[in-house]
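Here's the structure, in structure tokens; my notes come after.
The values are calculated or read from the model by the stated rules, or taken from the named source; none is laboratory data. As the structure is a computational prediction, the values presented were derived from the model and not from experiment. Here the Cβ positions follow ideal geometry from the backbone for every residue, glycine too, while neighbour counts run over all protein chains shown.
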Amino acid sequence: MPDLEKSLQDRDIGHLRIVARLWGVDLSASRPETAVGELSAALLDPALVAEICETLSAEARTALAALIESEGRMPWASFTRRFGDLRLAGPGRRDREKIYRNPVSAAEVLFYRALLGRAFFDTSSGAQEFAYVPKDLLPLLNQAGCALQTAGTGTRRGEKENGGETPGPFVSRKDAEPLGRPASPRERENPVPADGRLLDDATTILAALRMGLEPPATTIPAGVVAAFLRVAGILAGETPRPAEVKNFLEGSRPQALAMLAEAWRASETFNELRLLPGLICEGEWSNQPLGTREFVLDLLAAVPVAKWWSLPAFVRAVREKHPDFQRPAGDYDSWFIRRTSDGTYLRGFDAWDEVDGALVRFLIGGPLFWLGLVDLACAGPGGEPTAFLINPGPKPTLETGKLTVASNGRISVPRLVSRATRYLIARFCAWEDQRPDEYRYRVTTQSLQRANAQGLKVSQLLTLLAKNASADLPPAFVKALKRWEARGTEARVETLTVLRLSRPEVLEELRKSKAGRFLGEALGPAAVVVKPGAGAKVLAALAEQGLLAEDVAEAKEEGHA
């Protein structure tokens, strides 16, 4: 950042004299180029700096302290939104109206005292305009205690605590004041403990992709689950990676969640903003999901562990104290984000709650909850989360459930059966509707053929079921599987169109006609299968032979009409 002399270099002599007057120092130089050096030297007096801090209004002290706590600089748009802007005024209007005597904002108070500068600085996303404190004034202001004016507003991002640890991706911060407040009894009335459902949905999706099927509906959106699996290296695009899948499914639930959490925490490609439900992100603009995630996790690190905390109050505090946490330049107009429900574009700071606030709520109520790092609570059953609790450590959930097998080939698999077991069973079976804590499958000839094509054997399925079933397998079911493995499909149920004739001679005549090619397998001397879609052609051929035939299906429909 520029020093004080550099900050004052472009000011006219009238402006420099205003600064001197407000600081109570004499300025003898009459030329700007010499007055700048004289004034800068006079202002860099620790005792004078402490005195000027004492004379500032409460609003100006708060604005100055916010700059200091932000390491001396803040995006100009963010600063002026919180502390007011500078009125455009040339030397003539300034001196005529003496606007520095009646400032309309904390920004004007600081500007005319040389405590606030305005300049463009290079950042990772290009040049951005910042409000700043001259770098040689910054340590003197800290020494004078100006930064203490923001006690209770939180500490700087990235400060580490020497003692104690917080769980998961949260890193403790020294002297951190948590944003928001503890949850009220109403806000925490209906707890929703984290249950690791992410692992179960991941197992479902991995099995579907391995079978070449469209993933079914899952508790967590399939696209979000797939994003977790990609950043953890378990999926390559839409293709499961066998070795990584095996390690993931065979690990304990805490180990598997920790694997996903670690990959998510460090990922630059897992983009929560573009996964927000109810919003559509358009265009080629880009955000920085890793930096945003780190910043929110830093704020959460100050929240007491194992204590219910108000989610609405936390989000409000982020808006008040760190509104630009994901927008380094304070730019609320260049991102094209639409509301799904009505197509409205959400632009400007007025849309903060629907975009930026929604992202904070999603991070807590989505990834952190799904990864088992926080529990949630609602004010009413089934309502939106109103409180959260940071878990002190992983929950030791065991996969000790037992499945049941019916003689008709239906298999019921509780959620806490081994994930590796369910993954394999799913690949042998047709999938039926699932319940919240139970998956339902059915063994069919088609599902066995599909499994066989992937190198899976019936003997593997029988061993797997016997090992994980709550009771002995039904003998009829075991016999049927073994017969299929030895002989293939021995019975088939089909829906056929059958032509029944009054005499065998009529069937012979029909076979010799041009309609003969539409006839299939004979079912008797006067009955034959009609090939699919050829019923009308056979009826027409019979009419040409002087025979009027009845379509039983049509007759039934007319009878009901």
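Any residue that is in the same structural domain as K321 (by TED's automatic domain parsing), in contact (Cβ under 8 Å) with a residue 60 or more places away in the chain, surrounded by fewer than 21 Cβ atoms within 10 Å (Cβ to Cβ) and closer than 27 Å to W309 by Cβ - is there at least one of those in region 208-215?
no
Of all the residues that make up region 510-537, how many are assigned to a helix (DSSP H, G or I) and either over 60 Å from the mean Cα position of the chain (by Cα) or modelled with pLDDT under 80 (or both)?
Qualifying residue count, region 510-537: 6.
Keeping to region 369-407, report how many residues are in contact with a Pro (Cβ under 9 Å, 6 or more places away or on another chain) and free of Cβ contacts under 8 Å to residues at least 24 places away in the same chain.
1
Residues are listed down the side, and each one gets a yes or a no for (1) buried (at least 18 other Cβ atoms within 10 Å of the Cβ); (2) touching a Leu at 6+ places or on another chain (Cβ under 7 Å):
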residue: F314; (1), (2): yes, yes
residue: V318; (1), (2): yes, yes
residue: P323; (1), (2): yes, no
residue: Y332; (1), (2): yes, no
residue: F336; (1), (2): no, no
residue: R339; (1), (2): no, yes
residue: Y345; (1), (2): no, no
residue: G348; (1), (2): no, no
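Looking for something of a type in the set (A, V, I, L, M, F, W, C), outside the structural domain of F314 (by TED's automatic domain parsing), touching a residue at least 12 places away in the same chain (Cβ under 8 Å) and assigned to a loop (DSSP other than H, G, I, E, B) - is there at least one such residue anywhere in region 179-196?
yes
Quick check on region 311-325. Is at least one of its residues assigned to a loop (DSSP other than H, G, I, E, B), among the aromatic types (F, W, Y) and over 28 Å from P436 (Cα atoms)?
yes
Is there a residue being among the charged types (D, E, K, R), modelled with pLDDT of 95 or more and either crowded, with 17+ Cβ neighbours inside 10 Å or closer than 21 Å to A183 by Cα (or both) anywhere in region 403-418?
no
Residues checked against (1) outside the structural domain of G126 (by TED's automatic domain parsing); (2) surrounded by 19 or more Cβ atoms within 10 Å (Cβ to Cβ); (3) under 13 Å from the mean Cα position of the chain (by Cα); (4) at negative phi:
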| site | (1), (2), (3), (4) |
| --- | --- |
| E244 | yes, no, no, yes |
| A256 | yes, yes, no, yes |
| A263 | yes, no, no, yes |
| E272 | yes, yes, yes, yes |
| C281 | yes, no, no, yes |
| W285 | yes, no, no, yes |
| L290 | yes, no, yes, yes |
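Can you tell me which residue is nearest to I52 (Cα to Cα) among those in region 14-29 that are of a type outside the set (G, A, S) and crowded, with 16+ Cβ neighbours inside 10 Å?
Ranking the candidates gives W23 first.
Which of the following residues is of a type in the set (K, R), at pLDDT below 90, touching a helix residue (DSSP H, G or I) at 6+ places or on another chain (Cβ under 9 Å) and surrounded by fewer than 16 Cβ atoms within 10 Å (Cβ to Cβ): R156, R181, R101, R96?
Numbers: R181 fails: at pLDDT below 90; R101 fails: touching a helix residue (DSSP H, G or I) at 6+ places or on another chain (Cβ under 9 Å); R96 fails: touching a helix residue (DSSP H, G or I) at 6+ places or on another chain (Cβ under 9 Å).
Exactly one of R156, R181, R101, R96 is of a type in the set (K, R), at pLDDT below 90, touching a helix residue (DSSP H, G or I) at 6+ places or on another chain (Cβ under 9 Å) and surrounded by fewer than 16 Cβ atoms within 10 Å (Cβ to Cβ), namely R156.
Looking only at region 409-433, how many residues end up being polar (S, T, N, Q) and touching a residue at least 40 places away in the same chain (Cβ under 8 Å)?
2
Restricting to region 326-359, count the residues that are aromatic (F, W, Y), in contact with a strand residue (DSSP E or B) (Cβ under 8 Å, 6 or more places away or on another chain) and under 22 Å from V296 (Cα atoms).
1
When you scan region 48-81, how many residues do you find that are more than 31 Å from the chain's Cα centre (by Cα) and either more than 23 Å from P139 (Cβ to Cβ) or part of a loop (DSSP other than H, G, I, E, B) (or both)?
5
For (1) in a helix (DSSP H, G or I); (2) farther than 26 Å from Q454 by Cα; (3) not polar (S, T, N, Q), each residue gets a yes or a no:
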| site | (1), (2), (3) |
| --- | --- |
| P215 | no, no, yes |
| T218 | no, no, no |
| G223 | yes, no, yes |
| A226 | yes, no, yes |
| L229 | yes, no, yes |
| V245 | yes, no, yes |
| Q255 | yes, yes, no |
| A258 | yes, yes, yes |
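Counting only residues that are closer than 30 Å to D331 by Cβ and either surrounded by fewer than 18 Cβ atoms within 10 Å (Cβ to Cβ) or touching a His at 6+ places or on another chain (Cβ under 8 Å) (or both), how many does region 366-398 have?
1
Quickly run through region 82-98 and pick out the residues that are of a type in the set (K, R), within 47 Å of the chain's Cα centre (by Cα) and not in a helix (DSSP H, G or I).
Result: R87, single match.
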